[in-house]
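As structure tokens, the structure follows; a few thoughts come after it.
Please treat every number below as a calculation from the coordinates, not as lab data. Source: prediction; values computed, not measured. Counting neighbours? That spans all protein chains shown, and the Cβs are built from the backbone with ideal geometry, glycine included.
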There are 2 protein chains.
Amino acid sequence: MPLGKRTDCGDAKYAGLDVPFACDIVETLENALLCGFDFVMAPLVHPRYRRPAPTALPRGTFQPPFTRSDLLLSSPQWAGQVVGKASPWIDCDSPSPALARDSAAALQQELAWAAHLSLQAVVLTPLPQPLNGANYARILNQVLGGLTSMALWLRIPASTSSGADSTDPTAAEGEPAAAAAAAAGGRARLAGDPWEWWNQLRFLCHHNNRLGVVLELGADLPSAEDLQRWRGEPLKAVVLPTSIFMTNKRGYPTLSKRHQEFLADCFRRGVQVVLSGNAHHSLPEAAPASNAVAAGPGGAVVPVAAPQNPLRLYWEYLSFLFRKIEATSEQEVVEMGYRDYLQSPLQPLQDNLESQTYETFERDSTKYTTYEEAVYRCLLDRVPQEEAEQRVTVLMVVGAGRGPLVAASLRASLRAKRRIRVYAVEKNPNAVVTLQNRVVSDGWEGTVRIVPADMREWDAPEQADILVSELLGSFGDNELSPECLDGAQRFLKPDGVSIPQAYTSYLQPITSHKLWNDVRAYDDVEHFETAYVVKLFKFHPLAPTQEVFTFEHPNRVERIDNTRSIRLEFECTPPGGTVCHGFAGYFDAQLYRDVHLSIHPPTHTPNMFSWFPIYFPLRTPFYVPQGARMEVHMWRCEGKHKVWYEWAVTQPLASPIHNPGGRSYFVGL
Amino acid sequence: MPLGKRTDCGDAKYAGLDVPFACDIVETLENALLCGFDFVMAPLVHPRYRRPAPTALPRGTFQPPFTRSDLLLSSPQWAGQVVGKASPWIDCDSPSPALARDSAAALQQELAWAAHLSLQAVVLTPLPQPLNGANYARILNQVLGGLTSMALWLRIPASTSSGADSTDPTAAEGEPAAAAAAAAGGRARLAGDPWEWWNQLRFLCHHNNRLGVVLELGADLPSAEDLQRWRGEPLKAVVLPTSIFMTNKRGYPTLSKRHQEFLADCFRRGVQVVLSGNAHHSLPEAAPASNAVAAGPGGAVVPVAAPQNPLRLYWEYLSFLFRKIEATSEQEVVEMGYRDYLQSPLQPLQDNLESQTYETFERDSTKYTTYEEAVYRCLLDRVPQEEAEQRVTVLMVVGAGRGPLVAASLRASLRAKRRIRVYAVEKNPNAVVTLQNRVVSDGWEGTVRIVPADMREWDAPEQADILVSELLGSFGDNELSPECLDGAQRFLKPDGVSIPQAYTSYLQPITSHKLWNDVRAYDDVEHFETAYVVKLFKFHPLAPTQEVFTFEHPNRVERIDNTRSIRLEFECTPPGGTVCHGFAGYFDAQLYRDVHLSIHPPTHTPNMFSWFPIYFPLRTPFYVPQGARMEVHMWRCEGKHKVWYEWAVTQPLASPIHNPGGRSYFVGL
């Protein structure tokens, strides 16, 4: 049964039980389900059954089955309740040719069998020398090419020191990972970092999206920074050996604070938990009656059932941890559907927005409250108290849409007790209908004049004191706010104010296996040269953000130049190798003085959801050695009818320049 | 006029003259042609004319032309006799925004003008800080995307120390390259290596095949190994400043031995020569009459004309060097058309060869003489002199084609004075017609029996002493010789001999910009996962070859396994960074004892031309740091109906495994 009722953690609510043997798969599964687990991770073949590669048998010979019958469970049970484990003796890169050959044959046989059963996934163990696994990679890569639904998950220790803690029979039979790492000599550092094992396999299998990772935790967790490297990787499950559980005062299993935190993070990211090993705890003699509660770790209340199987205690503890994680905010629930979902940026200048798009934006009350505050302060600054009665401030909303900025400006005017005359300029004829209706319904007569025009061409009847606009994209200038406002500033008084006054974009390199694979799925160059608006979720930043381009308004120079070019240097911070799949972009806009709107993580406006970050992909993910310096170039280019970005990496290695001449992605003027 | 009459060096026979200014392009060109040169390398715009980026002009203003009129020369003259030079002041990455902007505008303007003139190429100078040229690269990359015929050539010094010797006005106006390299600090080593400048630009421009290199030589040449790195790159021309010429006893210009050798190598590879700078030599007063000859450098005979322009002396010296290079062998002339031309390997098992293919192969007399020698020695070894009269050796030619091996065997039998009975087994019914005719025409009756059958299925009437075959491909086993011979060995006597007895394949990483680009031109993954037979020409090996797979015949093991797997480690030898575009493959076959057939460079059978090397491409070229260790994996895989290779790199970085499951390239069984 699920660990808890909440539905906001995806599959994380289903916990699994790792079983070393499963001679009777029916009973094994039944017992696991009785304990509360939703699936078992079980060997596909008896883990000690090392068999020679199949040969042509003499006629009439009966070949015994290499594993149990598929009739023992129903198809939905195989598919939903069993994750297979490949045999632990398999070593396709063994120096012994016989073992290597038998291993290759057994691996192919087991994976074919698992696919026959329609298992969700098969868990693979790394080789004794994980960075010398090219044959292994070749077989997996061949198999991956033919898979339609089953996944392959590489099971690796979270760190090589914790690997020895494993209670999995693999660890017992195989060479301990740490020893293997030491044996690798010159590669000791790399070999000691399980992320490198995963990364080499992933590159050899060309980033196949059916290849995932299962992390086996030890009693000692790697540093938080080390663990965070997995945030951008396809981490499918974590394995918790029972041996790493501690015992609380009442004799119940419990995990260290750091383990709990990491687990909570995993749950929130939809990563499943799998328990492994034998029970080291049993229900104390003086157990409270079933359904009673007991003080759990840290004094928390743990529900206790009368377990028939001592592993039940662990499941209950996992359930306790799962239910304990803080509730997801309403906004997060709304955004959940957008996580890591690639959207093309809007082209509001070329296209007319739809009613529902306006509706979504208008729901962001934080944004309009912030605009209201900016207008409010600006009105107070411009009109002294003594002139409040007679002086009328001319305020023009350029790109008024269905009127939220008009309404915000009117609220600001009321609060400030300053009189305003509003022009609402809007080029979308459909939005103009709403505006015209609001003049009547919202009592805007006499104050608001609707102007159905493109702000770059409108012949304004008077000059404005304040120009209010919301033309920003996720990367600040990417929806052509600079070009629009430059066009509109001719009807701004010499001392007039633009709200926003300025905006700056920010960039940072990220790991995001999922986003990159989603871009690759389009199978063309164009999509690798396009920027996407996306609610980044399974990603990991490799360095702090850096400023990219800044625009200020009004821009009173003789010759306006909105092209930009920048070279950024990032010092990558992860404590080991990592991989870069592209760049995340953000903006911070100064609406008026110290009133800002920001989606830049360090200054993100709280509770504002109108903008997701932007993602600039790279055609080829590249390996970033520990502490590497990345040099990144970004350009904002301008043609007669379009504006576009180009981007490239020059350190540690040069990438192609993406999107030359805006061939794949541009914003039309 | 051409430097010489020979046509085997491509465009190298056309020499150019680099002119610093060309106020009167007509006269400049005329003078150059009079001196003997075939084209000039001339500025597109006056090299000192630094102009601001164009802006909208007030109405009625007359804008002066930024350069001379295109009417001065005819289109064929522009296209054939002028190579443009971009302005030397251009610095698109200048810290001065104004200079950077003006530079970008000027560069775009000049390249557009050059394309308008249909020039063959424009020569570009590197920036003051060549590894900080991302803006420059961006503009070139944009322009390259729109070019249909014109090329862009990056002019760089052969070494940074020789760069200072340049007589080009660029060097005078710009910061000297060596100083720039020093200024780059942490990148000093890279910055000091002009190959790195080229390589970064090439990667940023995504290996565009319209981007080439022009090397400017200095008085000091880099080491031979350093220069050889350019063999796999698109080296279009070398510039020879007049300042690096020495003076021989008679007062004529001459070059150092090393310069001469490098130049000869360039000529042979079709690389053009361009003279640069003012004449430092003039015809001695006591000059012999026109058309007389004088002793040139090293006592060689130099024709001397009475020059009107002192540069004529240099041209004559270049012509002398050109005519001096050794004649191309007949075989090289035949092979010239195949240089760097990708061919798909034959599939002789699946397809029947055509008559002309047989004819080409049969022309290779060396090959058949070697086979004859092998059979000859084998006959002598097997039949002692005293049994020569009565004992008849049964010799089967499997895959007899139109009979060259039958003929070679018969010649061997005659020479050895040993009697043979020959079975000529051939599955191609069309070749069988030839064989049957030869029985009559060549007097083979009674000795040769024609067997129209597949050797793997034929039911032989007796067992063979010797099995002769020529089933080898460029990579040894790649045309399924192992599978065919394994199938045929059942009719070989227990002590019978297979000719060949064994064969081994070899591999080495190479630089080959051209081959990689030719593969890329297909624009799909399949072609990157295919091996090609190709007469390697513009390539450079990065490390000595290493053995890959060996097969021995007969193969009397219980269970034949022709799959193979190998991990190779190459220590890359170039004295600086380089780039790997894939691998060259070769074979060495032991026909009998020490009689070998080989296309493996260290042991290549002289004058044999039946096989070109094989090329295994990589999907992405990768940078190889100086002295890097490359780890390469290669597999020979077998399915029910096919055999294929897979290959991958795991060091310094992991590549995808190429051709998983033989999805792109395989040989049908």
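Things worth noting here:
- The GluC sites (Glu not before Pro) of the range A:456-546 that DSSP puts in a loop, and whose beta carbon has at most 14 other beta carbons within 10 Å, are A:457, A:462.
- Cβ crowding within 10 Å ranks B:458, B:516 as B:458, B:516, fewest other Cβ atoms first.
- 10 °C / 1.306 mPa s Stokes-Einstein diffusion coefficient of the range A:482-531, Kirkwood radius on C-alpha pairs, µm²/s: 107 µm²/s
- Inter-copy label distances at residue B:61, shortest first and taken from points set 7 Å along Cα to Cβ: 9.3 nm.
- Its residues counted as N, the range A:41-165 yields a C-alpha radius of gyration over 2.2 N^0.38 Å of 1.10.
- Pair residue A:72, residue B:23: separation of 7 Å Cα→Cβ label points (nm): 9.6 nm
- Relative contact order computed over the range B:355-470 (Cα-Cα under 8 Å; 6+ residues apart), in percent: 30 percent
- In this rough spin-label picture, where each label sits 7 Å from Cα along the Cβ direction, the residue B:607-residue A:5 distance is 9.3 nm.
- For the range B:422-545, alpha-carbon Rg and Dmax in angstrom: 20.0, 56
- The mean of 1/r over all distinct Cα pairs in the range B:355-470, once inverted, gives the Kirkwood hydrodynamic radius of 14.3 Å.
- Per residue of chain A, the DSSP helices (runs of n ≥ 4 H) give a summed -39500 (n - 2.57) that works out to -8500 deg cm²/dmol at 222 nm.
- Where only alpha carbons of the range B:502-668 are counted, the Rg and the Dmax (Å): 16.1, 50
- In chain B, the longest principal axis of the Cα atoms and the axis of helix B:25-35 are about 50 degrees apart.
- Label-point gap, in nm, between residue B:457 and residue B:331 - each point 7 angstrom along Cα→Cβ: 3.8 nm
- Computed from the C-beta positions of residue A:261 and residue A:50 and an R0 of 45 Å, the FRET efficiency is 0.65 to the nearest 0.05.
- Positive minus negative residues near residue B:389 (Lys, Arg vs Asp, Glu; Cβ under 10 Å): +2
- For the protein assembly as shown, projected area of the alpha-carbon convex hull averaged over all directions, nm²: 66.5 nm²
- Bridges between two residues of the protein assembly as shown, per DSSP, are antiparallel at a rate of about 50%.
- Exposed trypsin sites (Lys or Arg not before Pro) absent: longest stretch of chain B, with sites in DSSP loops and at most 11 other Cβ within 10 Å deemed exposed: B:250-555
- P(r) weight above 50 Å for chain A, C-alpha pairs, percent: 27 percent
- Positive-end extreme of charge dipole, the protein assembly as shown - chosen from A:251, B:503, B:121 (charges on Cβ): A:251
- Relative contact order (%) - the range A:361-415, alpha-carbon pairs under 8 angstrom, separation at least six: 58 percent
- Rounded to the nearest 20 debye, the dipole size of chain A about its Cα centre is 780 debye, using +1 on the Cβ of Lys and Arg and -1 on the Cβ of Asp and Glu.
- Among the listed pairs B:5/B:236; B:249/B:324; B:427/B:535; B:5/B:324, those with a Cα-Cα distance over 23 Å are B:427/B:535.
- Karplus-derived 3J(HN,Hα), 6.51/-1.76/1.60, for each residue of the range B:553-569, Hz, glycine and proline x: 9, x, 10, 8, 10, 5, 10, 6, 10, 9, 7, 9, 7, 8, 10, 10, 10
- Förster radius 56 Å - calculated FRET efficiency between residue A:250 and residue B:340, Cβ distance, rounded to 0.05: 0.10
- Calculated on C-alpha atoms, the gyration radius of the range B:372-426 divided by its Kirkwood radius gives an Rg/Rh of 0.97.
- Residue B:218 long-range amide H proximity, modeled H, under 5 Å: B:158, B:159
- The range A:578-583 - phi-based ³J(HN,Hα) in whole Hz, Karplus 6.51/-1.76/1.60, Gly and Pro as x: 7, 9, 10, 9, x, 9
- Taken about its Cα centre, the range A:604-669 carries a charge dipole of about 160 debye when Lys and Arg each add +1 at the Cβ and Asp and Glu each add -1 at the Cβ.
- Net charge over other residues, Cβ less than 11 angstrom from the Cβ of residue A:621 (K, R count +1; D, E count -1): +3
- Working note: Karplus 6.51/-1.76/1.60 with θ = phi - 60° gives the range B:310-321 the couplings x, 5, 4, 4, 5, 4, 5, 5, 4, 4, 4, 5 Hz, where Gly and Pro are set to x.
- Among beta bridges identified by DSSP and lying wholly in chain A, the antiparallel ones come to about 50 percent.
- When you restrict to C-alpha pairs under 8 Å that are six or more residues apart and normalise by the size of chain A, the relative contact order lands at 11 percent.
- Between the helical axis of A:257-268 and the longest alpha-carbon principal axis of chain A there is an angle of about 70 degrees.
- Ellipsoid equivalent to the range A:1-96 - semi-axes via the Cα gyration tensor, in Å: 33, 17, 11
- Partners of residue A:417 within straight-line reach, counting lysines whose Cα lies under 30 Å from its Cα and excluding those fewer than 8 residues away in the same chain: A:367, A:493.
- Fraction of antiparallel bridges per DSSP, the range B:421-552 only, in percent to nearest 5: 45 percent
- When the Cα positions of A:20, A:103, A:60 are compared along the charge dipole of the range A:1-139, A:60 comes out farthest toward the positive end, with charges on each C-beta of Lys, Arg, Asp and Glu.
- Measuring from each Cβ of chain A to the axis carrying A onto B, the nearest residue and its distance in whole Å come out as A:620, 3.
- At R0 = 51 Å, FRET efficiency that the Cβ-Cβ distance of residue A:278 and residue A:522 yields, to 0.05: 0.60
- Lys, Arg +1 and Asp, Glu -1 on Cβ, resulting dipole of the range A:15-142 about Cα centre, debye, nearest 20: 500 debye
- Loop GluC sites (Glu not before Pro), the range A:549-629 (other Cβ atoms within 10 Å of the site Cβ: 15 or fewer; DSSP): A:558
- At full extension, residue A:323 and residue A:441 could sit 37.7 nm farther apart than now, given 0.36 nm per residue minus the alpha carbon distance.
- Three-way shape call for the range B:548-620 based on the alpha-carbon gyration tensor, with the a/c threshold at 1.5: oblate
- Under 5 Å, built H, 5+ apart or other chain: amide partners of residue B:651: B:631
- Distance-filtered residues of the range B:501-540 - backbone nitrogen under 15 Å, label point 7 angstrom along residue B:360 Cα→Cβ: B:532-536
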